[in-house]
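> What follows is a structure written as structure tokens; I'll ask about it next.
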Amino acid sequence: MNADLNKAVGWYPGHMVRAMRRMAEYLKLIDIVIEVIDARAPRSDANPILDQLIGNRARIVVLSRDDLADPATTKAWLSYYGSKHFRAIASEARAQQSVSRILGEVKTAAKERTGMSRVIVVGLPNSGKSSIINGLLKRGAARTEDRAGVTRQLQWFRLATNIELMDTPGILVPKIVGEAQWKLSMIGAVPRERYDPEEVVGHFHDWLVRHRAGRTQVPDLETFAAARGAVRRGGEIDLHNAAQSYIKAFNEGTFGRISLEAPDEREDHETT
């Protein structure tokens, strides 16, 4: 494609700075971090600054939306995280079985500590953080009382005798560059007003053709729009609204289980 994605996707550095400062403050209270990453784009959906902020705290990586990602690629990512000695789980955020597995990993991490363990769930926007928090709290967690030394503006819930969960999901806002721009837009991590959906869909389909070498049956935007009857008065195809529907269809799994990144792949550098 000839379009400049730096013009197609915008982000405010000030927003990023404020979010990361807030995260640094939260983590002063935390012992265990649950990092939620979309299984379809683990490299783009992670924030490398988090490595510095977490330090030696226990870390559990949850690959969310496992039901939308390619199973073999997710398995490769789990192996990758295992090689880095991270606890890693593939999860469907709304599935109670997945939530139970996450809680099991939290309890295991808590056993390695003495005293109360405090947990936070972090990740990029729309990664599935809130669903995991809600799933954990549905297990009969009770709100704890205010105590000295713990920020009172925050709410804490008791998950077990020695485990408390901060009810506020930590939002990580990265500086997104290169292919991460369209990938994060496709998976819903970027607000709609920050990107051009036609450009994003175009980059996605170009990537798909390159990586599947003619084996893909996923339509391009024009074919999708025609099939959906996205036509304005006068017979002109409404590509803008069709592109928004296309991205929605991708996130509903209409095109099948597609992973945008594998651990052994380097980012493609497209010419603009």
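Where a number appears in this text, it was derived from the coordinates with a stated rule and is not lab data. Predicted, not measured: the structure shown is a model, and the values here were computed from it. Virtual Cβ from ideal backbone geometry, glycine too; neighbours counted across all protein chains shown.
> Quick one: ILE37, ILE171, fewest Cβ neighbours within 10 Å first, how do they rank?
Ascending number of Cβ neighbours within 10 Å: ILE171, ILE37.
> Round to a whole angstrom and tell me the spacing of the C-alpha centers of segment 59-133 and segment 210-231.
Each part's Cα centre sits 33 Å from the other's.
> Additional query: Would you mind checking the pairs LYS28/LYS183; LYS138/LYS183; LYS28/LYS111; LYS107/LYS183 and listing those with alpha carbons more than 28 angstrom apart?
Working: LYS28/LYS183 31 Å; LYS138/LYS183 32 Å; LYS28/LYS111 20 Å; LYS107/LYS183 33 Å.
Correct reply: LYS28/LYS183; LYS138/LYS183; LYS107/LYS183.
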